[in-house]
Amino acid sequence: MTATAGVPQAVLSAAPGTAPGERLRQLHLSKVLVVGVVLVALLLLVLYPFGWVVYNSLHEDTTQAWSLSNYLNLFADKDLYLPMLNSVLLATAVGIVSVLLGVPAAWLVGRTDMPGRRTVRTLTLAAFVTPSFVGATAWILLGAPNSGWLNHAWRWVAGAEQPLFNIYSMAGTVFVSAIYTVPFTFTIVGSALDSMAVELEDAATTLGSGTWHTMSHVTLPLVMPAILAGFILSFIQGITLFGVPAFLLAPGGTQVVTTRLAELYQQFPPQLYLAAAYCMPLLLLTAALFLLRRRVLGRRRFTVISGKGRAGRTVPLKGWRWPAFAAAMFVPVTAILLPYTALLIVSLSKAWGRGPSLDNLTLDWYAKVLVGNVETRTAVINSFTYAIAGATLCVALGVVVAYLVERRSVKFTSLYASLATMPMVIPGIVLSVGFFAAFTRPPFKLYGTSWILIAAFCAAFLPIAFAQCSALLKGISPDLERVARSLGASEVHTFRAITAPLMRSGLVAAWLLVFIPIIRELSVAVFLITPKTNVMTTLIYNAKDGGDYEALCAMSVLLILSTLVLIAIAQLVGSRPRRSTLSTEARR
């Protein structure tokens, strides 16, 4: 086989016949152009908005003079520091509840003979794709103290005058937030259990240790770093949540950092500079927790790393099999089955207060959402338009940055990687504040246009695209790229003719992984939308106070269905066997 046997013909035919000096100059100019565009994009999408948050936080709202007064007010004003304490309380409780629910479920699914393990796993992971604020909407229907269906059932069965529970409370907010963060702990701990060697457990059993003693003294210590990482990630989700506290705490007058931020923007006149300073403690705490999570996950090296010699141990539950299944179904029932049922019934009802009955059924709300109401129809179109454009730009930028970093094509690759992953530690609502501050003034003036939303979505989910594309490139050998480069092809042409075809199916999956969270994102868009640029999530959020729950539920059902369909497509694309372009060309 010749040195060019595996190189696509497009590369061979592209080998220029110009003079060496001219060819080198062309290659250099094309690389400089690409690298320059990528660097400018990263600076505008990441550093520029963040810089404006810092700049505004150091100025007064009234005089716009340099000052530290905003930071001093954070701890002097009760209305400002109490929401911080509430956020920490909420996040801590969410983290604890997520661990208490997620760890046993992961163990039951991964290590026992419990029936229905696949069902429990699938439904628990489905909570990943359910917007938590949509779940909060459903639980208002189920658990509102006066009108909630479960409280009605409780009064009818028990003859009680008081409701069983009040969803408009801190406890109710912790419950709703936790059931939608359990999948983080469930996934991390489940992966740790699957990858953990079982020799130590077998040794403990051989020495006479019982099932529960082995689990508590061997299994749990080995997966403790994963448990801690799950708690930290759930804590981060709890402290950065916006939709659930806005739906469940704000009506009772209880504020957290995210809802207080929204209030600072919505009051007149808006306190933009104070809001910028109010973002900083949340940003610093989130960044510190992400760093802590990385270090905690690094500690997993103390576990057995020799690899699994065989499948994990299956613990027989005997008479506890079905009670264990009932316990493991708590999250699927409360996060998926009950909320989805409530949303569907209300969306099909003429008036949801009349309850489910044949004479109360209608499809009018879906017709109103899709074709009958200009505002909702525009929001649906905007949601898909922005998600398609944002995911496309995000993956395009992510793949180029990943290529520059993984192939060491430029100096200071760590800078590019840091810029691409930096939005991971910026809460969505803080990012929204930054984009509002940066792009509503000259020279851009993008507020009120679709571009500010597309750019914000692209920035928010760039870490996902970068991570996915980096993983794809790690699995592709650079040898053929080197051969093409030695034959005179530029890096841009080599990437287009060799690397991109090999990444094609993976890029489709990466695009879907970005598209799905964009279309269900609320906090990034909350400060950036106008009536003309409304999306489905912000329309649902703005409609929560109107009491029009039938239309609101119809929009929620459509949002969930579209997300689930896209996930099914992503799984289909991801499971499709890849045909190697290299082997095809080699056969030619």
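The values are calculated or read from the model by the stated rules, or taken from the named source; none is laboratory data. Note that the coordinates shown come from a computational prediction; the quantities given were computed from them, not determined experimentally. Cβ sites come from the backbone with ideal geometry, for glycine too, and all protein chains shown count toward neighbours. Surface areas here come from the heavy atoms of the whole protein model, side chains and all, with no ligands, DNA or RNA. Shrake-Rupley method; radii C 1.70, N 1.55, O 1.52, S 1.80 Å.
Among the residues of the stretch 152-196, the ones that are open to solvent by 40 Å² or more (accessible area, probe 1.4 Å), in contact with a Lys or Arg (Cβ under 9 Å, 6 or more places away or on another chain) and aliphatic (A, V, I, L, M) come to 1 in all. Would a scan of the stretch 432-449 turn up a residue that is within 25 Å of Ile516 (Cβ to Cβ), more than 20 Å from the chain's Cα centre (by Cα) and not in a helix (DSSP H, G or I)? Looking through the stretch 432-449, at least one residue is within 25 Å of Ile516 (Cβ to Cβ), more than 20 Å from the chain's Cα centre (by Cα) and not in a helix (DSSP H, G or I).
Helices (runs of 4 or more DSSP H) fully within the stretch 38-130 that include at least 1 residues being touching a Cys at 6+ places or on another chain (Cβ under 7 Å), at positive phi and not β-branched (Val, Ile, Thr): none found. Out of the residues in the stretch 524-558 that are open to solvent by less than 20 Å² (accessible area, probe 1.4 Å) and among the small types (Gly, Ala, Ser), which is nearest to Trp451 (Cα to Cα)? By that ranking, first place goes to Ala525. Filtering the stretch 131-149 down to residues that are polar (S, T, N, Q) and not in a loop (DSSP other than H, G, I, E, B), which residue is modelled with the highest pLDDT? Looking at the filtered set, the residue picked out is Thr137.
Among residues of the stretch 398-454 being of a type in the set (Ser, Thr, Tyr) and free of Cβ contacts under 8 Å to residues at least 24 places away in the same chain, the one that is surrounded by the fewest Cβ atoms within 10 Å (Cβ to Cβ) is Ser414. Inside the stretch 267-281, can you point out the residues that are touching a helix residue (DSSP H, G or I) at 6+ places or on another chain (Cβ under 8 Å) and assigned to a loop (DSSP other than H, G, I, E, B)? The answer is Pro270, Gln271. Could you figure out which of (1) at pLDDT below 75; (2) surrounded by 22 or more Cβ atoms within 10 Å (Cβ to Cβ) isn't true of Ser490? In the conditions (1) at pLDDT below 75; (2) surrounded by 22 or more Cβ atoms within 10 Å (Cβ to Cβ), Ser490 misses (2) alone. Pairing residues of the stretch 527-542 that are within 17 Å of Thr259 (Cβ to Cβ) with residues that are among the acidic types (Asp, Glu) and buried (at least 24 other Cβ atoms within 10 Å of the Cβ), at Cβ distances under 9 Å and at least 6 apart in sequence or on separate chains, gives Thr537/Glu521.
For the stretch 502-523, taking the residues that are in a loop (DSSP other than H, G, I, E, B) and within 14 Å of Phe128 (Cα to Cα), the one that is least open to solvent (accessible area, probe 1.4 Å) is identified as Glu521. Within the stretch 47-56, being more than 24 Å from the chain's Cα centre (by Cα) and surrounded by 23 or more Cβ atoms within 10 Å (Cβ to Cβ) holds for one residue alone: Asn56.
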